[in-house]
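Structure, as structure tokens:
The values are calculated or read from the model by the stated rules, or taken from the named source; none is laboratory data. Quick caveat: nothing in here was measured; it's all calculated off a predicted structure. Heads up, the Cβs are rebuilt from the backbone with ideal geometry, glycines too, and the neighbour counts pull from every protein chain shown.
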Amino acid sequence: MEKLKIAVIGVSRLGTVHAENIALRIPNAELVALCDIKYENALKAGERLGVKNVYDSYEKMLEETDTEAVLIATPPAVHRECILAACAAKKHIFCEKPIGVTDEDLDLIDEAVVKNEGKVLQVGFVRRFDRSYAEAKARVDRGDIGKVIKVRSISRDPSSQINDFIKLGPTLGGMFYDMSVHDLDLVRWFAGSEVESLYAIGGIYEFEEFANFNDIDNCSILMKFKNGVMAEVEGSKNASCGYDVWMEIVGTKGTLLINSATTTSVTQKDQYGIRTECSPWFFERFEDAYKREVEVFVDTVLSGGESKMSAYDARKVVKMATMATKSYEQGTVVFND
Ligand SMILES: NC(=O)c1ccc[n+]([C@@H]2O[C@H](COP(=O)([O-])OP(=O)(O)OC[C@H]3O[C@@H](n4cnc5c(N)ncnc54)[C@H](O)[C@@H]3O)[C@@H](O)[C@H]2O)c1
């Protein structure tokens, strides 16, 4: 069986998930190297997954390792340098979201991607590869609910993760670039159009610590797309029930609801009421989709196909996050140029 050799850069929360999937669950992929500036992260994962090539510098890894592809799971501010290095080394690239943060990042990434012609770049917008979101999109495309009127995408992170939010908050890019990008990508995907105008509000409602890194713990974003579709995005860090992520698509002939996921299909009925347990965190909710998105990347490279989540789309989503930031800071509606 032909296998795609992949090296992973950034081996902590999500990099470990991807490394494990490549090593253990994706038969036509081979994990050939791991790199993390915190060398012990790469070493620990390497020992567990039987990977001997471990590095604390991606430059050295790219120089010394025989790999065809790299998977980048570093904090967003480091994506640009990793993508530029991987493009210069002529690798296929899977990069976690968001592809970059600043306009300069996006321009330099575009330039490098163009020069790396013939190689696939896929960005990790995992929800597109989740069975329920993918099924809803297929139904919309088939016309099952008529013409789309409105799309709502809700992401409420569990308040139980407050320690991680505070620890990782300063490096993950903030509410709009880190969290709402998933929803912004989805509403653009389901609307099938580019945003025309956007208005964002938000603030700190519970966790004062967010002020230390200039972030907020809740937001709402209202949008109109160029084709007339309306959209709403909500981001929150206070879900006490768990990872409460869901979506609604309203059409002229019907409505689709992608429900918040539960850990099991068990419902308990007793003196406290009727209860099911909410999926605790993103690892569990999107476990299959994290594998699926990398499977799709590997299949795309091996079959010579087009990226299923390209740098072009990823750039449009970052642009929406930038508009949301601007709108929130200025307190005004922002129009797309
Ligand atoms: N799709 C999703 O559901 C989802 C969920 C969580 C995180 N993410 C994304 O995944 C990426 C990583 O997030 P995370 O939560 O795993 O972050 P993290 O901070 O847990 O891990 C990042 C790792 O990258 C390493 N690193 C930093 N700079 C490096 C460099 N120059 N070279 C090599 N390694 C370097 C760090 O030492 C750390 O181990 C981010 O882009 C984030 O937005 C996506």
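Among the residues of region 97-143, those that are of a type in the set (S, T, N, Q) and not in a helix (DSSP H, G or I) comprise Thr102, Asn116, Gln122. Evaluate the following for Leu198: is it touching a residue at least 12 places away in the same chain (Cβ under 8 Å), assigned to a strand (DSSP E or B) and in contact with a Leu (Cβ under 8 Å, 6 or more places away or on another chain)? Yes. Of all the criteria given as (1) in a helix (DSSP H, G or I); (2) near the ligand (Cβ under 10 Å from one of its atoms); (3) not acidic (Asp, Glu), the one not satisfied by Thr74 is (1).
All but one of (1) touching a residue at least 40 places away in the same chain (Cβ under 8 Å); (2) buried (at least 17 other Cβ atoms within 10 Å of the Cβ); (3) not charged (D, E, K, R) hold for Gly254; state the number of the condition that does not hold. Going through the list (1) touching a residue at least 40 places away in the same chain (Cβ under 8 Å); (2) buried (at least 17 other Cβ atoms within 10 Å of the Cβ); (3) not charged (D, E, K, R), Gly254 breaks only (2).
Among what's in region 295-318 and is part of a helix (DSSP H, G or I) and without any contact (Cβ under 8 Å) to a residue 24 or more places away in the chain, pick the residue that is surrounded by the fewest Cβ atoms within 10 Å (Cβ to Cβ). Full working, then the answer.
Taking region 295-318 first, the residues part of a helix (DSSP H, G or I) are 295-303, 311-318.
With without any contact (Cβ under 8 Å) to a residue 24 or more places away in the chain added as a condition, the list becomes 303, 312.
Values: Ser303: 7, Tyr312: 13.
Within region 295-318, the match that is surrounded by the fewest Cβ atoms within 10 Å (Cβ to Cβ) is Ser303.
Screening Asn21 against (1) part of a helix (DSSP H, G or I); (2) near the ligand (Cβ under 9 Å from one of its atoms); (3) closer than 30 Å to Met320 by Cβ leaves a single unmet condition, (2).
Could you list, in sequence order, all residues of region 151-204 that are β-branched (Val, Ile, Thr), within 12 Å of the ligand (Cβ to nearest atom) and buried (at least 20 other Cβ atoms within 10 Å of the Cβ)?
Step one: list which residues in region 151-204 are β-branched (Val, Ile, Thr), which gives 151, 154, 162, 166, 171, 181, 187, 195, 201, 204.
If we keep only those that are within 12 Å of the ligand (Cβ to nearest atom) too, we end up with 171, 181.
Residue satisfying the conditions is Val181 alone.
If you go through region 77-113 and keep only what is of a type in the set (Asp, Glu) and more than 11 Å from the ligand (Cβ to nearest atom), you end up with Asp103, Glu104, Asp105, Asp107, Asp110, Glu111.
Against the numbered list (1) under 28 Å from Val181 (Cα atoms); (2) in contact (Cβ under 8 Å) with a residue 60 or more places away in the chain; (3) more than 10 Å from the ligand (Cβ to nearest atom), Lys5 comes up short only at (1). Can you find even one residue in region 102-123 that is assigned by TED's automatic domain parsing to the domain that holds Gly10, surrounded by fewer than 22 Cβ atoms within 10 Å (Cβ to Cβ), touching a residue at least 24 places away in the same chain (Cβ under 8 Å) and within 20 Å of Leu168 (Cα to Cα)? Checking region 102-123: not a single residue is assigned by TED's automatic domain parsing to the domain that holds Gly10, surrounded by fewer than 22 Cβ atoms within 10 Å (Cβ to Cβ), touching a residue at least 24 places away in the same chain (Cβ under 8 Å) and within 20 Å of Leu168 (Cα to Cα).
Is it the case that region 40-61 has a residue that's over 24 Å from Phe283 (Cβ atoms), of a type outside the set (Ser, Thr, Tyr), in contact with a Pro (Cβ under 7 Å, 6 or more places away or on another chain) and part of a loop (DSSP other than H, G, I, E, B)? Give the derivation first.
Here is the first cut: in region 40-61, the ones over 24 Å from Phe283 (Cβ atoms) are 52-53, 55-61.
Now narrow it down to the ones that are of a type outside the set (Ser, Thr, Tyr): 52-53, 56, 59-61.
Narrowing further to those that are in contact with a Pro (Cβ under 7 Å, 6 or more places away or on another chain): none.
No - not one qualifying residue is present in region 40-61.
Among the conditions (1) in a strand (DSSP E or B); (2) within 15 Å of Thr171 (Cα to Cα); (3) not aliphatic (A, V, I, L, M), the only one that Phe94 does not satisfy is (2).
Of all the listed residues (Glu248, Glu234), the sole one being at pLDDT 95 or above, in contact with a Lys or Arg (Cβ under 6 Å, 6 or more places away or on another chain) and part of a strand (DSSP E or B) is Glu248. In this entry, Lys38 passes the filter for residues that are basic (Lys, Arg), more than 21 Å from the chain's Cα centre (by Cα) and within 10 Å of the ligand (Cβ to nearest atom).
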